[in-house]
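First the structure, in the form of structure tokens, and then the observations on it.
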Amino acid sequence: MQRKLTTISFIFSLLLALAVLPAHRVAAQQRVVEGVITESLTGQPIAGVSVRVVGQQFGVSSQEDGRYRIEVKQADARLEFSYVGYGTVQRPATAGRLDVALEAASRDLGEVVVVAYGTSRRENITGSVGTINGKQLENRQISNLSKGLEGQVPGLQAVAASGQPGTDATVRIRGIGSINASSNPLYVVDGNPYAGDINAINPNDIESISVLKDAASSALYGSRGANGVIIVTTKKGRASDRAAINLNVTKGISNRAIQDYKQLSTDDYFQLYWEALRNKNLSNGLAADVAARNASAAVVTDLGINPYGSNFPEPVGLDGRLVSGAKALWDDSWTDVLQRTGQRLQADLSISGGGEKHSYFISGGYLDDQGIAIGSGFKRYNVRANIDTKAREWLNAGFNVAASSTLQQFPQSEDSNTANIINFTRLTPGFYPYYEREADGSYRLDAAGNRIWDFGEYRPSAAIPRSNLAASLPLDKNDIQRENASVRTYLEAVFSDNLKFRSTYSVDYINRNDHFYVNPSVGRGVEYLGSVNKSNVRTVGQTWNNILTYDKQFGLHHLNVLGGQEFYSFQTTNMSGSRQRFVLPGLDEPVAASQLNSFTGLSQDYRLLSFLGRAEYGYDNRYLLSGSIRTDGSSRFAAGTRWGTFWSLGAAWKISNESFLQDQSWLDQLTWRASYGGQGNDNLGVYYAYQGLYSILNSLGEGGTVTNRLATPDLKWETNLNFNTGVDVAILKNRIALSVEYFNRQSKDLLFTMPMALSTGYTGYDANIGTMRNTGIDVDIRTIPVRNENFRWNLDLNFSHFKNRITELPTANNIIRGNKMLRLGGSIYDFYLPTWAGVNPEDGSPLWYKADADGMQTEETTSVYGDAGRFIQGSSLPTLVGGITNNITYKNFDLNALLSFSLGGQILDNDYIQLLSNGNNPGRAWSEEMLNRWTPENRDTDVPRLTTDNLNWTSASTRFLYDGSFARLKNLSVGYTFPEAMMTRIGISRLRVFIQGENLFTLYKHKGMDPEQTLEGATYFRYPAIKTFSGGVQIAL
Amino acid sequence: MNLFAKKYKIYLLSIFVLALSGCKDQLDTMPTDAVTDTEIYKNTSNIQTVINGTWRYLNDTYFTFANPGYSAFMRTSDAMANDVAVTTKYGYRDPYAFTELFDRSTNRVNAFWTLLYKVIDNTNNVIAKTEQAEGTREEKDLLIGQAKTLRAFAYLNFASYYQFSYLKDKNALTVPIYTEPSTTATQGKPKASLEEIYALITSDLTDAITKLEGYNRPSAQKYRVDAHVANGLLARAYLNMGQWELAATAAANAAEGFPLMNAEAYYAGFNDAQNPEWIWGHLQTTDQSTASYTFHYLDVSSSGSFYFSFMADPFFKDHFAPQDVRTALFEWDGLPGREGFLRYKKFKFKQNLIGDIVYMRSSEMWLIQAEGYARAGQQVEAVNALNTLREARNATPYIAQEGDLVEAILLERRKELWGEGFGLSDIIRNQKSVVRKSFLDDEGSPIKVTITTPAGEQKQVNGQGHRVVRFPDGNAFEANSRYYIFAIPLVEQQQNPNL
């Protein structure tokens, strides 16, 4: 190890030596270039075009009337004009007037793309980088950045399993990289790895997002780059005479994106429950008439309520039908009181500008997204200031600071916990009223004549007795408050035109304070006089890096070399406590509760020391080569295995720049790229991944410990070997651009839980064994089908397909993990479940197939779930995911639409089975599907007979595996921009009004289940996706 | 660039040098919520934490709300027997219907297995590593004595529920035995026979009794293991093995110093380890209260109880004489939604919705003595022991006309130990059948009972008794049924090829 460090130090010394070399200087000769930038077809001036001297960081941008003015010193300088959605243009910077016309392009080759530790032009990238520009996020009503990524970049899968405002989507880049360690990508914000809360970033502050997908682009992030990297760059000010002021305001409403599962009516429910009781009585050996009589007597007792009133003490007759005249006196849908149309308001203001020596971008934002469940919502206040200055001719400095305060109101909306607000409406049938009722169906009133919330003391346990969230939630608190501060600051010394040294320090700070309070007055808290749970988590991530960059053109040769060092330190420290028994109502802080239940807290430290370098070589703008190397030392591992080295090689051939293709005017680009390299993953989920540990488990006031993990001193990095190759083609004046890439991601030394027999006291131990491969293709097609004076239509399509395969396992046996099985040749998410064999037509019992001695499925069936064989049943991973984007502008109208889709993959619907008990869970709502239960008359069905014993038929099997394919209109917006002439008269430079919808429609198969579920294909009683419909205005002054 | 003076270069260089040298030592970090094994096994006072932590793990680990640690074992045992008519509420309705424990794929089957084997591995570590640690002979004896008792307790549970009676077939293969600490190299072991398991249990307990001889347990720490506890477990083991006299002797040793409680204490809710009769129990505090969740099933009369599903079989009441102290605990439920159920108000939450868990009482030890002597043919001693308990409960003393003495003792066990976890283990041990009868009259109609509503009105309603009176396959209950035996979890079968 020591030697490695020495080697790296030596490389730095060399680079430093370069710094000291006398630089070749050209005498400065100042001149001014000015002109007007217009749209090539319409001749309209374009505002905001970036104009800069090639190779320099600072530039100016065109004003509202398209005019620009820039000072140039170098004699042989060239000017570059770039604007989103248009082809970049370069012109020699000759003194005097220079007018430029820009042409709309489906893909901009000259686009400057943010890459690892720097920027690069799109056409010079050897690796695989997808980009999303700020405009693509501008029209969205997303409260969270991660939810805006879906369908935008091929190879990036963003899955928003929860619709709760303020929750993140899960993001995976090019398949699943790891089995037990994290598969999350690394987020980098403004140049440094981001340890803050991704929710805290206002999507409106984003200039661009780069998604680094392969080794050549992400290996420079070494051990943290294995799962891909998402680089977020925030907006900067542009040089202009007048500061730009932008104001956006959007107001909207939100609802469920899809309807919930359909439930049985009260009449059907009572009749079916009677049938369950009758069947049980029969199997207990009672005669048919006695069985029916006792069932009629027991229905109301078991369900705890009689919605048919006291005139019908036994509403279900001996024939199992409702007695004549019986009519349910009420049917209260709990969604009426627990769900609502949510309100959403977003307002953002930004002021930006600058001169030749400085630029600034200052913004503030407010968001209030209520959500559809009562008591839920997300509020965010955020500010940002990005300031860059040229302090000396040789010294640049910059400072980005962002701060936000968010409040997420998060009543339980996942998990099977009875307090789950989403599940409550699903579990509690409408014959349990939410206001207390008299036996005749009328409302019971209190002394003041008001209705009284019904807490359902009498309800069976399946219908959540002693609870009425509509009454208790408004008095409770479920607040998660986060203050997020994020600072990036850099000093950049320009030794010469060729050599730069940049030192960046960043700190991301999150303070999270949770306040969960259960009121003592009504609901579940009454018995214990309320409770309060408060916790605080402080997270600080600091990065300091020092990077030296050398860039020079020698004739036809271009060389770019980068070297540096980085240190990352992450600390999280938390404490939490809970108390109960409030002395008085109306108080909700711990100080007011008299009984201490718990107090605890802990800290965790993680540190990473790295040395990195990259070299890129280009010849004649035709051949490109790149290589990078990084060595990381991680505190997660033992001293002996702590250091890992990661690398990449890349190459590109710009075929269209070869002389034999120079004359083909229809061809704008033809490039072939390939890269290979290894990245690491140390995110094993634990911070101390090698020691034999006992958890602290104190007991009754005395110190206690209990075995937790076995010592694994040899545990080390996971490595990802990543091969990428692709072709980029652009034709017909960039009207059609196509990128096709193939990738092969081989993860090795995978962190596995090596399974042990449970009887050893452990489920397993951690080991680096096994390999997994993700292979696939990413396709990105961008077209401009129509491009004329008044009408422009951009149609983009991207999709990707990957195949996840396990190529090596630690044991000869397959590894079973819950409902999944890991096996050679299989995917990480292959379901391993009993095969449903239908319902026995003879007696209505559920049937599953049995396995033979080798585990193969036989024709033999069993009605005992535990005796059923388990078999591979396909994967939860989709075969194709992607998105279609339409951007249409016609005169002053614009339309944007994004449809994202996911085809293939299965989902095990555990939410639905709650509604499918066979009668063993009285009081629980029943799905309409139960009408199809087995009876002697209805023998051919796949719903078993009813009885009050648990037939275990809802146990996981292929019966509840559903196709997860869907297509969802993520975004649709229509806007109108008022004519400029009209606006300037009232002092506004731009005014656009628009209407917008998120998740307006969804195409899917299994009704009731939101098809956006986790990658593992499991539902978990989550907050459903929400549909938002808004209107808004954008004003530029 | 001439602007760039040499001194800046020096500054920048020093930044690098600082950065390079400063950070390397920062890569050693330590957890704050866990301790390394090497640290623990240095000395005896550290090792005691493993005993404490293991006890908490056993008792206060949530698998589900219906499996809040070991107490779920005891609840399951009674739910699968004769005298608790479990209601349709969440928790124990599936074991009650015999649809859960023989199914190797269920959560509860997994939870029980995990709980006990985790205890076994932790105690194996203590037993193997204490001798090498720093500490006095007494401290080491105490640690090993406690560890062996807990290990025997875990294996005794396996022996009682995972195979039929020892007296039916002691060679029957049951569960694997581990006596060494597990490492990454440990392979799953094959099933051992009941005989091997009982040999380990009795040797562990005999050794533990010797080692714990000198240990004088503070009376407030009934959760700790001492020689009485070890003797009590040994008595249970011998009873299972048919070693009648040894069982009686061990039981007598266990009960020494634990007088039978009076009526007032009997009505106090079985929630406080300070009860003079309790030999062993788990304490609960407001900050350690997972096990207390079991009272939500057991407690049928407190308003804070959420499931109150352990209702008594109405026919069970007929076994009690009117003057019996315990008779007063019966009451027909008159609350809406639960009318007509028979409460047996033995268990009650303490005020803060917590309650200590009873593991072992001297009543049980008197009953073991009675049964041991009776089966060994020592009639007089047996009757004396039985009547000692009956007198304490103000029940009718046993006389020969009452019938078979052993049957009388077994019935007394059901009456005295109702809800304490002996229902199914007694049925398995004695190779009996579950006996349940629906609460119906001769015509098959529900029997009416009189309840008092909260408003104070008297009302006739259908009495609620047993709902499940046959096995799930529709057959009548029988002795030595496969439905009584707890399954080995599927995951164990999948990961242990030697099983």
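Where a number appears in this text, it was derived from the coordinates with a stated rule and is not lab data. Quantities reported herein were computed from a predicted structural model and do not represent experimental measurements. All Cβ positions, even for glycine, are placed from backbone atoms using ideal geometry, and neighbour counts span all protein chains on display.
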>> Per q in 0.22 Å⁻¹, report the Debye log10 I(q)/I(0) for the range B:426-473, using one uniform scatterer on each alpha carbon and no solvent.
In response: -0.85
> Where does the range A:88-195 land on Rg/Rh, using Cα atoms and the Kirkwood Rh?
Replying inline: 1.06
>> Can you tell me, using C-alpha contacts under 8 Å and at least 6 residues apart, the relative contact order of the range A:25-103 as a whole percent?
In response: 38 percent
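If you take every residue apart from A:Glu808 with its C-beta less than 15 Å away from the C-beta of A:Glu808, what net charge results, scoring Lys and Arg +1 and Asp and Glu -1?
+3
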> Per-residue mean of other chain beta-carbon atoms within 10 angstrom of the beta-carbon, peptide B:101-114?
Replying inline: 3
> With a ≥ b ≥ c the root eigenvalues of the C-alpha gyration tensor of the range B:356-499, is it rounded (a/c under 1.5), prolate (a/b larger than b/c) or oblate?
Replying inline: oblate
> Peptide B:218-230: average number of partner chain Cβ atoms within 10 Å per residue?
Replying inline: 1
> In Å, what is the Rg of the alpha-carbon atoms in the range A:133-195, and how long is Dmax?
Replying inline: 12.6, 37
> Using only the Cα atoms of the range A:25-103, what do you get for the radius of gyration and for Dmax, in Å?
Replying inline: 12.2, 43
> For the protein assembly as shown, how big is the tail of P(r) above 46 Å, as a whole percent of Cα pairs?
Replying inline: 49 percent
>> Give me B:Glu100, B:Glu245 sorted ascending by neighbouring Cβ count inside 10 Å, so fewest comes first.
In response: B:Glu245, B:Glu100
> With charges set only on the Cβ (+1 for Lys and Arg, -1 for Asp and Glu), what does the dipole of chain A come to about its Cα centre, in debye to the nearest 20?
Replying inline: 2840 debye
> Mind checking the mean number of beta-carbon atoms from other chains within 10 Å of the Cβ atoms in A:751-758?
Replying inline: 6
> For chain A, which DSSP H helices look membrane-span-like by this rule: Cα extent along the axis of 18 Å or more and mean Kyte-Doolittle of at least 1.0?
Replying inline: A:2-20
> On average, how much area does the Cα convex hull of the range B:22-100 cover when viewed from any direction, in nm²?
Replying inline: 9.3 nm²
> How long are the three semi-axes of the equivalent ellipsoid for the range B:59-212, computed from the Cα gyration tensor as the root of 5 times each eigenvalue, in whole Å, largest first?
Replying inline: 31, 18, 15
> Under a Cβ-Cβ cut-off of 12 Å, what is the net charge of the residues other than A:Asn574 that fall near it, where Lys and Arg count +1 and Asp and Glu count -1?
Replying inline: +1
>> Once you keep just the Cα pairs under 8 angstrom separated by 6 or more residues, what percentage relative contact order results for chain A?
In response: 12 percent
> Which of the peptides A:116-128, A:585-597 is most tightly packed, and how do the rest follow, going by the mean number of other Cβ atoms within 10 Å of each residue?
Replying inline: A:116-128, A:585-597
> So what's the back-of-envelope 222 nm ellipticity for chain A, counting only DSSP H runs of four-plus at -39500 (n - 2.57) apiece and dividing by all residues, rounded to 500?
Replying inline: -2500 deg cm²/dmol
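Shape verdict for the range A:497-642, please, from the Cα gyration tensor: rounded (a/c under 1.5), prolate (a/b greater than b/c) or oblate.
prolate
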> Any idea what angle helix B:6-22 forms with the longest principal axis of chain B, computed on alpha-carbon atoms, 0 to 90 degrees, nearest 10?
Replying inline: 30 degrees
>> Apply the a/c threshold of 1.5 to the C-alpha gyration tensor of the range A:306-428 and tell me whether it is rounded, prolate or oblate.
In response: prolate
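Would you please put B:166-176, A:480-490 in order of how densely packed they are, using the mean number of other Cβ atoms within 10 angstrom per residue and starting with the highest?
A:480-490, B:166-176
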> Across 10 Å bins from 0, what is the distribution of all Cα-Cα pair distances for the range A:751-821, in whole percents?
Replying inline: 15, 28, 17, 13, 12, 10, 5, 1
> What is the ratio of the Cα radius of gyration of the range A:882-941 to 2.2 N^0.38 Å, where N is its residue count, to two decimals?
Replying inline: 2.17
> Going out from 0 in 20 Å bins, what whole percent of all Cα-Cα distances in chain B drops into each bin?
Replying inline: 21, 53, 17, 5, 3, 0
>> Can you say what percent of the DSSP beta bridges in the protein assembly as shown, counting only those with both residues inside, are antiparallel? Round to 5.
In response: 95 percent
> Around A:Phe361, what is the net charge, scoring Lys/Arg as +1 and Asp/Glu as -1 over all other residues with Cβ under 10 Å from its Cβ?
Replying inline: +1
> Taking Rh as the Kirkwood radius computed over C-alpha pairs, what is the Stokes-Einstein D of the range B:150-228 at 25 °C in a medium of viscosity 0.890 mPa s, expressed in µm² per second?
Replying inline: 173 µm²/s
